[in-house]
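The values are calculated or read from the model by the stated rules, or taken from the named source; none is laboratory data. On a predicted model such as this, the values are computed, not experimentally measured, just so you know. Reconstructed Cβ throughout: ideal geometry from the backbone, glycine too, with neighbour counts over all protein chains shown. Please note that ligands, DNA and RNA were not included when accessible areas were found on the heavy atoms of the full protein model with its side chains. Shrake-Rupley method; radii C 1.70, N 1.55, O 1.52, S 1.80 Å.
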Amino acid sequence: MRDLARTFVARLLDIAGGGNAAVALHEPEFSGAEWELVKDCLDSGWVSSVGKYVDRFESEIAQRCGARHGIAVVNGTAALHVALIVSGVRPGDEVIVPALTFVATANAAVHAGAVPHFADSAADTLGLDPAALRDYLTKIADRRCGSCINAETGRRIAAIVPMHAFGHPVDMDGLLALGADFDLPVIEDAAESLGSLYKGGPCGALGRIGALSFNGNKIITTGGGGAIVTNDPDLARQVKHLTTTAKTPHRWAFNHDQVGYNYRLPNINAALGCAQLARLEDLVARKRRLAERYFVGFADCEGLAVFREPAFATSNYWLNAVMLDEDRVSERDTLLAAANDAGLMCRPAWTLLHRLPMYRSCPRAALPVAEAIEARLINIPSSAKLAS
Ligand SMILES: *Cc1c(COP(=O)(O)O)cnc(C)c1O
């Protein structure tokens, strides 16, 4: 039993090696124009809610996601919240989210007044399984006048929010087809997948609208920040309006035509983002190199395997993960303890959301695959600098 833990730690030290210093799960890196662009904000006084870096960051993020429009906001949760609202999610609706995701995916649905409805993952992507979800919706959903009603709760199901877990793209074609068949908009939670490709195209704007995060632990960071990307000019206009206090343009008057949000990304954060974005290719290339080292390093390790991107994807490998063999799941916490004791920051998967106290009574599908992933998965140190 201790053998696997010992091998796990030895190989991690070999590949991610800390010397005496602790090795983080994911560290940001500021080795480009970050200092210069942030200083420009301080020198010019343009640090707050508008400025040239906000405009530049919005257009560069859109371009990176293959989208026509990008709107920068304060964080990824706010981005999801607004994406849900403009996609038509209303109080009392249900929103399909994976049980295996960061809590913000479900929180955003609640912020929009909706109830998260948890669905299962596919083993090869870790994200929503379109086939399982189709079977499930076929069983529980009533179709009435273009709406999809949960026959068990009587509430309208208003959207599907797939999440590209740890940077690995989900089966978007399957989910988009499902969305079309059930009249459900598909809103991408692309918080972890900037720079990942699905069938050669960037994640984020594969559906009608998507949300990104630039929190400190993501592949690029603006300190805190997020963005909404879309190809739909009307959605883009609504998002920009709603996230900037719904102010109607005027030379001096303060007129607002909706209860808007102050979700604007400050210029100083956008400046950081512009500098970070310029290095995205390099970051992705090094993270993919690190993943390759893990594949080689753990290739003959009995009892676990390093997770590989789905066949149709080129992942940013935001966080690498090992999957324990099914007969080894009882050793997960021993491995976690051994690695963390050795200064190697390793973490289990998120606690499945339906187990959290505020989400315990939410509707859900059977979740056998998400439960198996939760039991088997350990995230391992994944900073780009580990492959420099
Ligand atoms: C980070 C993250 C978010 C939220 O982003 P914040 O910027 O932290 O609000 C949402 N969903 C997923 C999957 C994330 O990883």
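Among (1) open to solvent by 50 Å² or more (accessible area, probe 1.4 Å); (2) over 19 Å from Pro310 (Cα atoms), where does Gly179 come up short?
So Gly179 meets the others, but not (1).
Given (1) under 19 Å from Leu194 (Cα atoms); (2) small (Gly, Ala, Ser); (3) in contact with a Gly (Cβ under 7 Å, 6 or more places away or on another chain), where does Gly343 come up short, assuming only one miss?
With respect to (1) under 19 Å from Leu194 (Cα atoms); (2) small (Gly, Ala, Ser); (3) in contact with a Gly (Cβ under 7 Å, 6 or more places away or on another chain), Gly343 is out only on (1).
How do the pairs read when you match residues in segment 308-319 that are at positive phi with residues anywhere that are of a type in the set (Asp, Glu) and modelled with pLDDT of 95 or more, using Cβ under 8 Å and keeping only pairs 6 or more apart or on different chains?
Tyr317/Glu309
Search segment 60-82 for residues being in a loop (DSSP other than H, G, I, E, B) and under 15 Å from Gly225 (Cβ atoms), and hand back the single one that is nearest to the ligand (Cβ to nearest atom). If you could, list the steps in order and put the result at the bottom.
Going through segment 60-82, the residues in a loop (DSSP other than H, G, I, E, B) turn out to be 65-68, 74-75.
Right, trim to under 15 Å from Gly225 (Cβ atoms) and you get 65, 74-75.
Details: Cys65: 16, Val74: 8, Asn75: 4 Å.
Here the answer is Asn75.
Can you pull out every residue in segment 1-28 that is open to solvent by less than 40 Å² (accessible area, probe 1.4 Å) and closer than 20 Å to Leu277 by Cα?
His26
For segment 85-109, which residues satisfy the criterion of being more than 12 Å from the ligand (Cβ to nearest atom), in contact (Cβ under 8 Å) with a residue 60 or more places away in the chain and not in a strand (DSSP E or B)? Break it down into steps so the answer makes sense when it comes.
First pass over segment 85-109, keeping only residues more than 12 Å from the ligand (Cβ to nearest atom): 85-96, 99.
With the extra rule that they be in contact (Cβ under 8 Å) with a residue 60 or more places away in the chain, the set shrinks to 85-90, 92-96, 99.
Once the filter is applied, which keeps residues that are more than 12 Å from the ligand (Cβ to nearest atom), in contact (Cβ under 8 Å) with a residue 60 or more places away in the chain and not in a strand (DSSP E or B), segment 85-109 yields Ile85, Val86, Ser87, Gly88, Val89, Arg90, Gly92, Asp93, Ala99.
So, of the residues in segment 201-216 that are part of a loop (DSSP other than H, G, I, E, B) and within 11 Å of the ligand (Cβ to nearest atom), which turns out to be farthest from Ala191 (Cα to Cα)?
Initial filter on segment 201-216 (part of a loop (DSSP other than H, G, I, E, B)): 203-208, 214-216.
In the following step, the residues that additionally are within 11 Å of the ligand (Cβ to nearest atom) were identified as 214-216.
Numbers: Phe214: 8, Asn215: 9, Gly216: 12 Å.
Only one residue tops the list, namely Gly216.
Of all the residues that make up segment 26-61, how many are within 23 Å of the chain's Cα centre (by Cα) and of a type in the set (A, V, I, L, M)?
Qualifying residue count, segment 26-61: 2.
What's the total number of residues in segment 248-263 that are open to solvent by less than 70 Å² (accessible area, probe 1.4 Å) and in contact (Cβ under 8 Å) with a residue 12 or more places away in the chain? Even if it seems obvious, please write down each step before you answer.
Within segment 248-263, the first condition is being open to solvent by less than 70 Å² (accessible area, probe 1.4 Å), and the residues that meet it are 248, 253, 260-261, 263.
Those left that are additionally in contact (Cβ under 8 Å) with a residue 12 or more places away in the chain: 260-261, 263.
Result for segment 248-263: 3.
Anything in segment 119-172 that is without any contact (Cβ under 8 Å) to a residue 40 or more places away in the chain and surrounded by fewer than 16 Cβ atoms within 10 Å (Cβ to Cβ)? List them, or say none.
The answer is Asp135, Thr138, Lys139, Asp142, Arg144, Cys145, Gly146, Ser147, Ala151, Gly154.
What are the pairs, 6+ residues apart or on separate chains, where a residue within segment 218-238 that is free of Cβ contacts under 8 Å to residues at least 60 places away in the same chain and within 16 Å of the ligand (Cβ to nearest atom) has its Cβ under 9 Å from a residue that is among the acidic types (Asp, Glu) and open to solvent by less than 10 Å² (accessible area, probe 1.4 Å)?
From segment 218-238, no pairs qualify.
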